[in-house]
Each structure stands twice: as C-alpha cells, then as structure tokens.
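Structure, as structure tokens:
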Amino acid sequence: MAIKCPFCLQMAHCRSSQYLSDSVKRIYYQCTNLDCSCTFTALENVEKIISKPERLTEEQTVEETKMQMRKGQSLGRYGSSFTLPDRHAQT
Ligand SMILES: [Zn+2]
C-alpha cells in the first residue's frame with residue numbers, strides 16, 4: 001500500500017496498520033522523501049459492496065446435486081439386484 005504524502009506529494013509507504021472495526025482500518029504511513037519523512041495515518045474502509053459471494057446458494061446446489069447422485073446410484077444398484085429371482089444365486 002502506498003499513498004502520496006500530504007506535504008511533499010512524494011509516495012509514502014505503509015509501516016503498520018490496525019483494524020478499528022471489521023470494515024475500517026487505520027494505516028500508518030511514512031513518506032519516502034528523506035528530506036520530508038512525514039509520518040501520518042489514513043483510514044481505509046469498505047465503501048460499497050459491488051457483488052457478494054452466494055456461498056449459501058452454491059452449498060445448497062452442491063448438496064442437492066450430491067443427493068440426486070446418491071439417489072440415482074442406489075436406485076440403479078438395488079433396482080437391478082431386486083429383479084433377480086434368487087439373490088443367493090449371485091455367489
Ligand atoms: Zn513527504
């Protein structure tokens with residue numbers, strides 16, 4: 001992270017940071033201009049959610065898919081063995 005120094009407009013580098021809340025962070029900057037060496041803080045915060053992950057929907061879809069696959073597999077397996085006249089004849 002870098003930001004322009006408010007005094008000399010040279011780039012300042014992040015030295016440390018601390019979260020003030022879940023979505024707000026205070027960042028400590030130091031100017032890279034040796035003649036200035038200004039230190040200052042800036043706040044970084046979540047401004048706007050552009051798109052959010054739809055994890056819940058994905059999990060539901062995956063779970064539904066798994067259930068459908070299991071149902072299909074067991075139906076096919078047991079369906080074919082139940083059609084045999086004598087189940088002991090397989091061994
Ligand atoms: Zn500066």
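The values are calculated or read from the model by the stated rules, or taken from the named source; none is laboratory data. All values derive from a computational prediction rather than experimental measurement. Cβ coordinates were reconstructed from backbone atoms using ideal geometry, including for glycine residues, and neighbour counts include every protein chain displayed. Please note that ligands, DNA and RNA were not included when accessible areas were found on the heavy atoms of the full protein model with its side chains. Shrake-Rupley method; radii C 1.70, N 1.55, O 1.52, S 1.80 Å.
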Between Leu43 and Ser21, what is 0.36 nm times their sequence separation minus the Cα-Cα distance? Round to one decimal in nm.
6.8 nm
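Roll a 1.4 angstrom probe over the protein heavy atoms and tell me the percent of accessible area of region 2-45 that is carbon or sulfur.
Numbers: 1530 of 3170 Å².
So the carbon and sulfur contribution to the accessible surface is 48 percent.
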Separation between the Gln10 and Leu34 pseudo-spin-labels, each 7 Å from Cα along Cα→Cβ, expressed in nm?
0.9
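Using only the alpha carbon atoms of region 2-45, find the Kirkwood hydrodynamic radius as the inverse mean reciprocal pair distance, in angstroms to one decimal. Could you put the intermediate results ahead of the total?
Numbers: mean 1/r = 0.0952 Å⁻¹.
Value: 10.5 Å, from the Cα pair sum.
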